[in-house]
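The values are calculated or read from the model by the stated rules, or taken from the named source; none is laboratory data. As the structure is a computational prediction, the values presented were derived from the model and not from experiment. Here the Cβ positions follow ideal geometry from the backbone for every residue, glycine too, while neighbour counts run over all protein chains shown.
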Amino acid sequence: MNAKILGRAGAAALLVMTMAPGAWAETLSDAMISAYRNSHLLEQNRALLRTSDEDVAVAVSGLRPTLGIAATGRAVTTASASTLFNNLYGQLGLQASMTVYDFGRTKAAIAAAKETVLATRQALVNVEQQVLLGAVTAYMNVRNAEETVVLNQGNVRVLNQELKAAQDRFDVGEITRTDVAQAEAALAAARSQLTAARGQLATAREAYKAAVGHYPGRLAAPPRAPATAKSLTDAVAVAQHNHPQILQAKHQVKAADLSVARAKAGIRPTLSATAEYGTDSGGNKGGSATLTLSQPLYAGGQISALYRKAVAAADQARAGLLQTGVSVTQGVGNAWSQLQVARASITAYNQQIRAAQTAYDGVKEEAKLGSRTTLDVLNAEQSLLNAKASRITAGTNEYIAVYTLLSSMGLLTADHLKLGIPTYDPAAYYNAVKNAPATSVQGKRLDKLLKSIGKE
């Protein structure tokens, strides 16, 4: 990105920030709502949830009869000493079959599919948290970058004045050419910092568009940060009870245990029924009904292997639940620590700004009396600038840390934040397909969506 583009970006940002006070400004809630509505990641995971819903329908169909048309044809050729005979035979009929009893295998499959649906719903909640946290982070980073640009613009103006004053003092012989050169170098460095700040703003704007769905306009000051927890212990307790990753892992454990029960029932018999009715090419009509009991005696070790595999998967799921609990607790601890550090930093930087301002004012006055050099003034001014820039960053970090803590507790959702918008109902599609309807308009929409995002 060249300096000309950066300059236009900075000018645009300055124009936005200097608009009339009554002009509309985008709020943090607006940004989160836009991110929620426009997120392709959320839409992708909603489609993934609908595929899990259909797995329940597939499992339910295992208890339903199947009905089909069966057609057969047969040609028989016979030959005598002088003649070749071709006889054609055909049969057309309906065939129905159904599993009558399988000692709970299908029921276990249905229950496991339902638990997988619940686990996938929690995964969707976690994605929602990521999307909203991304919007908050992008919003605050743009404001941070805008404030930094304004701060550096002010610094350039001050150093321009310092250079002019140094030049005037040099002209009357109060200071040397070295002092002027130091002021010129400080101004050049300030212009470089301003260019870098404009580059950071351009980068922050692109990140905002990716997270929210559009470029930022005039951004309002963020509202008061939401409440989190009174203590780290309370935060951990809430997270262990509410975090979607933990709830997801619990459902995965239940699904794995049900898969073990299903695999264990694999050694049991299966009772099935078949009915046929049809007509042949001779016009003869007839039907039959068959009840079959099948019992596996030896399957080459497959049944035992599937059972052991299911047991191992259940062990894996339980270990995963324990590890998820550890990771969630660690995430809460990290977020809590970041928040405390940010708040302590704000206090320290506020004190530093007051001290740096006093020092700068004193050095500037002393320089007028000849007891301080131009370099002393420039160094004091730079220290004040650095303190102000650090204060801006600390304020941004504090705000992001609050929402990061909410996310680590499992509370960063549109409903908990009361964004006031209709939210996605994860049960709507499930209720439409859970009983395995023969046709589903929603199912056709799902197929179209899966194809559009490359799932097929």
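A compact table of results
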read-out: Meets criteria (out of contact with any Gly (no Cβ under 7 Å at 6 or more places or on another chain) and assigned to a helix (DSSP H, G or I)) for ILE421; value: no
read-out: Unique match (being among the aliphatic types (A, V, I, L, M), exposed (fewer than 15 other Cβ atoms within 10 Å of the Cβ) and at pLDDT 90 or above) among VAL117, VAL58; value: VAL58
read-out: Output for the range 424-435, where each listed residue is assigned to a helix (DSSP H, G or I) and of a type in the set (Asp, Glu); value: none
read-out: Enumeration of residues in the range 223-242 that are in a loop (DSSP other than H, G, I, E, B), surrounded by fewer than 20 Cβ atoms within 10 Å (Cβ to Cβ) and within 22 Å of the chain's Cα centre (by Cα); value: ALA225, PRO226
read-out: Single unsatisfied condition, LEU291 versus (1) touching a strand residue (DSSP E or B) at 6+ places or on another chain (Cβ under 6 Å); (2) modelled with pLDDT of 85 or more; (3) surrounded by 13 or more Cβ atoms within 10 Å (Cβ to Cβ); value: (3)
read-out: One residue from ALA210, ALA196 being exposed (fewer than 15 other Cβ atoms within 10 Å of the Cβ), free of Cβ contacts under 8 Å to residues at least 60 places away in the same chain and not polar (S, T, N, Q); value: ALA196
read-out: Odd one out for ALA317 among (1) out of contact with any strand residue (DSSP E or B) (no Cβ under 9 Å at 6 or more places or on another chain); (2) free of Cβ contacts under 8 Å to residues at least 40 places away in the same chain; value: (2)
read-out: The lone exception for SER407 - which of (1) closer than 25 Å to GLU184 by Cα; (2) surrounded by 21 or more Cβ atoms within 10 Å (Cβ to Cβ) it fails; value: (1)
read-out: Residues that are surrounded by 13 or more Cβ atoms within 10 Å (Cβ to Cβ) and β-branched (Val, Ile, Thr), drawn from the range 342-362; value: ILE346, ILE353
read-out: Unique match (being without any contact (Cβ under 8 Å) to a residue 40 or more places away in the chain, closer than 30 Å to MET140 by Cα, of a type in the set (Ser, Thr, Tyr) and in a helix (DSSP H, G or I)) among THR393, THR358; value: THR358
read-out: Residues that are crowded, with 22+ Cβ neighbours inside 10 Å and within 24 Å of LEU48 (Cβ to Cβ), drawn from the range 132-178; value: LEU132, ALA135
read-out: Residue list for the range 181-191, filter: more than 30 Å from ALA202 (Cα to Cα) and either crowded, with 19+ Cβ neighbours inside 10 Å or of a type in the set (Asp, Glu) (or both); value: GLN182
read-out: Close pairs from the range 124-153: first basic (Lys, Arg), partner not in a helix (DSSP H, G or I), Cβ under 9 Å, at least 6 apart; value: ARG143/PRO216; ARG143/LEU219; ARG143/ALA221; ARG143/PRO222
read-out: All positions within the range 315-339 that are of a type in the set (A, V, I, L, M, F, W, C) and in contact with a Leu (Cβ under 9 Å, 6 or more places away or on another chain); value: VAL332, ALA335, TRP336, LEU339
read-out: Matching option when the condition is out of contact with any Lys or Arg (no Cβ under 9 Å at 6 or more places or on another chain), without any contact (Cβ under 8 Å) to a residue 40 or more places away in the chain and hydroxyl-bearing (Ser, Thr, Tyr), among SER288, SER327; value: SER288
